Amino acid sequence: MEIAYELMQNDFTEAFAVHRQRRSAVKGFMVVVFWMGIAFASHVLYGAMRAHDTMRLLPLFFLAILWVIVVEIFPRWNVRRQFTKQPGAHGPRKLMLDVSGAHWRWSGGSADVEWRNYIRSVEGANQILFYTSPSCFNILPKRAMEAEQLSELRSLLSQNIQTRK
């Protein structure tokens, strides 16, 4: 099977979001932290309203801004920066899959990876991630494939590496 594509910045952004949310423990932790933040904010807001002291809300306001920066803005900025400063991420790419493994070709390089070197694959809404380590992965956008190719790819992955949705 041969798939030709070109990575876009949005592919990187979505792939890193899938990577961050790949484990249920991370999802669960983020839900707990979110609800603890809501409970804390409600407590501070109630106390400030009860005491008629709006200055008590200032730390809460700064914490909310810090939360947005750390959870939303910084990761997006970092992914965008990584995409723009990585020459190998730009230009046409080709992935060839066969019984021996995956053969990646791009302008300026290539990689041949046997199936036994992949520890897992993760399928997101718009891409499939091929992991060679817990944090190192290659991105394959689903938009580069026809429905029958995607079905064939899923079959190939299930035969050769552990997949998670």
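Derivation of every value follows stated rules applied to the coordinates shown; laboratory data play no part. Predicted model, so just to flag it, every value in this text is computed and none were measured. Cβ: placed from backbone, ideal geometry, glycine included. Neighbour counts: every protein chain shown.
If R0 is 35 Å, the Cβ-Cβ spacing of residue 52 and residue 73 corresponds to a FRET efficiency of close to 0.55. The Cβ shell under 12 Å around residue 101 holds other residues with a net charge of -2, Lys and Arg each +1, Asp and Glu each -1.
Only one of (i) 0.97; (ii) 1.38; (iii) 1.09 was calculated from the structure for Cα Rg over 2.2 N^0.38 Å, and its label is (ii). Remark: the residue 1-residue 155 segment gains 54.2 nm on full extension, using 0.36 nm per residue and subtracting the alpha carbon distance. Summed over qualifying helices (DSSP H, 4 residues or more, each -39500 (n - 2.57)) and divided by its residue number, the chain shows a 222 nm mean residue ellipticity of -15500 deg cm²/dmol. Residue by residue, the stretch 123-135 carries 3J(HN,Hα) couplings of 9, x, 5, 10, 7, 10, 9, 9, 9, 9, 8, x, 10 Hz when phi is fed to the Karplus relation 6.51 cos²θ - 1.76 cosθ + 1.60 (θ = phi - 60°); x denotes Gly or Pro.
For the pair residue 34 and residue 110 in one chain, pulling the backbone fully straight at 0.36 nm per residue adds 23.2 nm over the alpha carbon distance.
Normalised by the number of residues in the chain, the average gap of Cα pairs under 8 Å and 6 or more apart makes the relative contact order 26 percent. Annotation: the residues 32, 122, sorted from fewest to most other C-beta atoms within 10 Å of their own C-beta, follow the order 32, 122.
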